[in-house]
Amino acid sequence: MTKKKRLIYLVGEGTGETVTKLANAALSQFAPNSTEVRIFTMVEDTARILSILSGARREKALIAYTIVDPQNRDFLERESAKRGVEAIDVLGSFIMKLSLFLDQKPMGIPGKQHQADASYYRRIEAIEFTVKHDDGQGPHTMHKADLVLIGLSRTSKTPLSSYMAQIGWKVANVPLFPDITPPKELFTIDQLRVYGLIIEPEALARVRRERLKYLGLPDHADYADRDKIEREIKWCRAFYRKHPQWPVVDVSGKAIEETAAKIMQLHQARLDARERAAWQKTEHRRQWGERLK
């Protein structure tokens, strides 16, 4: 018998980005697919809070919130206690301890951590771009990506793209299939931006079996067949060898953060090498010009 998912309401005064990030970080420590998350944004008045509390009580949901406005925060705390709804202030205790430590009163400004600076807008732009270029979408604007990740199905392309977008990288990802030609744009964009992902057969089979279970399908389907997976990976490695300018990163058993750090390190090294080569070429021309004078 399948265990029923527990429901969590995430409540924020602004875009809900802060509470969502914190909740995702915490939920990653628990069994996947055991919860269902609903996000409530722009919660700025008591009427909206009451509506959310009513739903949480009815559905036996846990509320996690980041409400800085003291009146609304106190109202939510008080009314949730009256209704027997479990509510967690995910920022409040930290802000209170900081206030005591710094001997300062908090400003109480919603979204203060997201002031309109260039880095914030860059992250928002990166997230929007990455969503629009997930799974091979938007090939005609792929050239605007900072990075393009390619790989077989279930090689962490989407979660890796999403993670890197959160820190300001515009990422497109393109799935590879043995019987389907990738979009032509993949070969015409700046090849310095393309990175291939690879994974060991057993690791990929395990991930695909989990995906089939999540979809309610038998885990012995062709999609997760070990022999088929080995053929796919063999084809993928051969495809990468035809394009040696693409670094290949093994994601087997690695956390998303670890893979992202590896790619960013590789990318910076490649950019530095290109810059050095361009400088050396310019310097070589300058020296020849001096000799011809």
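The listed residues ARG231, ARG122, ARG208 rank as ARG231, ARG122, ARG208 when sorted by accessible area, largest first, using a 1.4 Å probe. Of the two radii for segment 1-63, the radius of gyration is 1.01 times the Kirkwood radius, both from the alpha carbons; that is the Rg over Rh value. Angle of helix 17-27 to the longest C-alpha principal axis of the chain, folded into 0 to 90 degrees and rounded to 10: 90°.
For the residue pairs LYS60/LYS132; LYS157/LYS213; LYS144/LYS262; LYS242/LYS262, alpha carbon separations beyond 28 Å are given by LYS60/LYS132.
ARG231: net charge of surrounding residues, Cβ under 12 Å, Lys/Arg +1, Asp/Glu -1, itself excluded? Charge balance in the 12 Å sphere: -2.
On C-alpha positions alone, give me the angle between the axis of helix 118-132 and the longest principal axis of the chain, in degrees, nearest 10. With rounding to tens, the tilt is 80 degrees. Accessible area per residue was computed with a 1.4 Å probe on protein heavy atoms; ASP45 scores about 80 Å². For helix 46-59, report the angle its Cα long axis makes with the longest principal axis of the Cα atoms of the chain; keep it between 0 and 90° and round to the nearest 10°. So the helix axis and the longest Cα principal axis differ by about 90 degrees. Other residues whose C-beta falls under 11 angstrom from the C-beta of VAL148 contribute a net charge of +1, scoring Lys and Arg +1 and Asp and Glu -1. Three semi-axes describe the equivalent ellipsoid of segment 185-229; taken as square roots of 5 times the Cα gyration tensor eigenvalues and ordered largest first, they are 30, 12, 9 Å.
In the chain, the portion of solvent-accessible area held by carbon and sulfur atoms comes to 55 percent [1.4 Å probe, whole percent, DNA, RNA and ligands not counted]. Among residues other than LYS262 with Cβ under 11 Å from its Cβ, the summed charge is -2 (Lys and Arg +1, Asp and Glu -1).
With coordinates expressed along the principal axes, the C-alpha atoms belonging to the chain extend over 83, 63, 34 Å, beginning with the largest. Estimated from helical segments only, the mean residue ellipticity of the chain at 222 nm is -16000 deg cm²/dmol, where each DSSP H run of four or more residues counts as -39500 (n - 2.57). Residue order by solvent-accessible surface for MET42, MET264, MET142 is MET42, MET264, MET142, largest first, with ligands and nucleic acids left out and a 1.4 Å probe.
Annotation: extensible slack from LYS262 through GLN71 equals 64.2 nm (criterion: 0.36 nm per residue apart, minus Cα-Cα distance). Annotation: per residue accessible area for segment 196-288 equals 66 Å², rounded to a whole number [probe 1.4 Å, protein chains only].
When the Cα positions of ILE199, LEU215, THR188 are compared along the charge dipole of segment 184-225, LEU215 comes out farthest toward the positive end, with charges on each C-beta of Lys, Arg, Asp and Glu.
DSSP beta bridges fully contained in the chain are about 5 percent antiparallel. Computed from backbone phi with θ = phi - 60° and the Karplus coefficients 6.51, -1.76 and 1.60, the 3J(HN,Hα) list for segment 170-183 is 7, 10, 10, 10, 10, x, 10, 9, x, 9, 10, 6, x, x Hz; x is used for glycine and proline. Could you point to the residue in ILE63, PHE30, VAL85 farthest towards the positive end of segment 29-89's charge dipole, with +1 and -1 charges on the Cβ of Lys/Arg and Asp/Glu respectively? Result: VAL85.
The values are calculated or read from the model by the stated rules, or taken from the named source; none is laboratory data. Just so you know, these numbers come straight off a predicted model, no measurement behind them. Heads up, the Cβs are rebuilt from the backbone with ideal geometry, glycines too, and the neighbour counts pull from every protein chain shown. In case anyone asks, the SASA skips ligands and DNA or RNA and just uses the protein heavy atoms, side chains included. Shrake-Rupley method; radii C 1.70, N 1.55, O 1.52, S 1.80 Å.
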